[in-house]
Amino acid sequence: MAATDFFTVEVWTVRGLVTYYVLFVMRLKTRSVHIAGVTTAPNGAYMKQVARNLTDVNDGFLLNIRYLIRAITESGVCMI
């Protein structure tokens, strides 16, 4: 079983304050954490690519994981 969610990091850049969304996945049995991706705009295309990466048959972090606990963020982004 694994769980996934976003957290945000605010970074000062040349263009001002930018919010980055960090998607992480945690294997509950071992408590190992994987940073699945970082973006300023978590849209559908981004989430599809992250899902492909996490479920890759050779080295995906979610390989052999049967259940994934997910969350829906305040902005309405539904995760994997």
### Query
Is it the case that T40 is over 13 Å from T4 (Cβ atoms), loosely packed, with under 15 Cβ neighbours inside 10 Å and in contact with a strand residue (DSSP E or B) (Cβ under 7 Å, 6 or more places away or on another chain)?
yes
### Query
basic (K, R), surrounded by fewer than 10 Cβ atoms within 10 Å (Cβ to Cβ) and outside any strand (DSSP E or B): does that describe K29?
yes
### Message
So in the stretch 34-53, with the set limited to residues that are outside any helix (DSSP H, G or I) and not polar (S, T, N, Q), which one is farthest from the chain's Cα centre (by Cα)?
### Response
A41
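Bear in mind these aren't lab numbers, they're just calculated from the coordinates by the rules spelled out. Please read these numbers as outputs of a predicted model, since none were measured by experiment. Positions of Cβ are generated from backbone atoms using ideal geometry, with glycine treated the same way; all protein chains shown enter the neighbour counts.
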